[in-house]
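Reading through the structure tokens given below for one structure.
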Amino acid sequence: MKKLREEDKELFIRYVDFIEGEMEDYPSFAGLDWETYESKKEERRNVERWIENIVNSSIDIAKLILVFEKKRIPQTYREILHGLGKTKYFDSKFGERISKWSKLRNILAHEYLDIKWDVIKEFIDGSEPDYKHLVRVVKHSLLDNKIDNKIDNKLDNKDNKQDK
């Protein structure tokens, strides 16, 4: 099995720490509704920035994984995320699911006026399991579970609460 270079390991750890910090905010956006999103500029800005942060982090992680696997880095964010499904760490369905969020990220990043609330709500309600899976795979398969166990404990505690 190939080993990560120390500098790559440090990047993975930094990206994982960042995305986990962002993922802690899923519950704070769970109750967001259309009226609040439309009428409260600060709430709209917060949720849009939060989505961008999560998707951008997953793109950074995906690039590192593709480089580690000696795969070509595709031209688009969607293709980069989709490429995860072609690695030994993820299946093709995962690559398809996670890559769809790149379109939402592009809409938000370029401030298109036709932002669709239903896609934002779908992200809030449905993307968390895939991002948890991404983090777990990176931590356990690529980092040999050698990063701080407090991160695992945080995720496990959240999973246990959601299972109840």
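The values are calculated or read from the model by the stated rules, or taken from the named source; none is laboratory data. Note that this is a predicted model, so its numbers are computed, not measured. Positions of Cβ are backbone-derived with ideal geometry, glycine not excepted, and every protein chain shown enters the neighbour counts. In case anyone asks, the SASA skips ligands and DNA or RNA and just uses the protein heavy atoms, side chains included. Shrake-Rupley method; radii C 1.70, N 1.55, O 1.52, S 1.80 Å.
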### Task
Please name all residue pairs, on different chains or six or more residues apart, with Cβ atoms under 8 Å, provided the first residue is in the range 38-51 and is within 12 Å of Trp117 (Cβ to Cβ) and the second residue is part of a helix (DSSP H, G or I) and of a type in the set (A, V, I, L, M, F, W, C).
Glu38/Trp117; Val47/Phe29; Val47/Ile120; Val47/Ile124; Glu48/Leu108; Glu48/Ile120
### Test for Lys3: is it assigned to a loop (DSSP other than H, G, I, E, B), of a type outside the set (A, V, I, L, M) and on the phi > 0 side of the Ramachandran plot
no
## Note on the structure
Checked against (1) within 12 Å of Ile124 (Cα to Cα); (2) touching an Asp or Glu at 6+ places or on another chain (Cβ under 9 Å), Asp17 satisfies every condition except (1)
### Query
Is it the case that some residue within the range 42-49 is open to solvent by 80 Å² or more (accessible area, probe 1.4 Å) and closer than 15 Å to Arg105 by Cα?
yes
### Task
Scan Arg78, Arg44, Arg14 and give me the residue that is among the charged types (D, E, K, R) and at pLDDT below 95.
Arg44
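Being of a type in the set (A, V, I, L, M), open to solvent by less than 80 Å² (accessible area, probe 1.4 Å), without any contact (Cβ under 8 Å) to a residue 40 or more places away in the chain and part of a helix (DSSP H, G or I) is true for just one of Ile65, Ile80. Which residue is that?
Just one listed residue meets the conditions, Ile80.
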### Summary
Checked Ser39, Ser28, Ser57 against criteria (under 20 Å from Lys121 (Cα atoms), open to solvent by 40 Å² or more (accessible area, probe 1.4 Å) and either in contact with a strand residue (DSSP E or B) (Cβ under 6 Å, 6 or more places away or on another chain) or at pLDDT 95 or above (or both)); the one match is Ser28
### Query
When only residues in the range 87-112 that are modelled with pLDDT of 95 or more and of a type in the set (D, E, K, R) count, which is most open to solvent (accessible area, probe 1.4 Å)?
Lys93
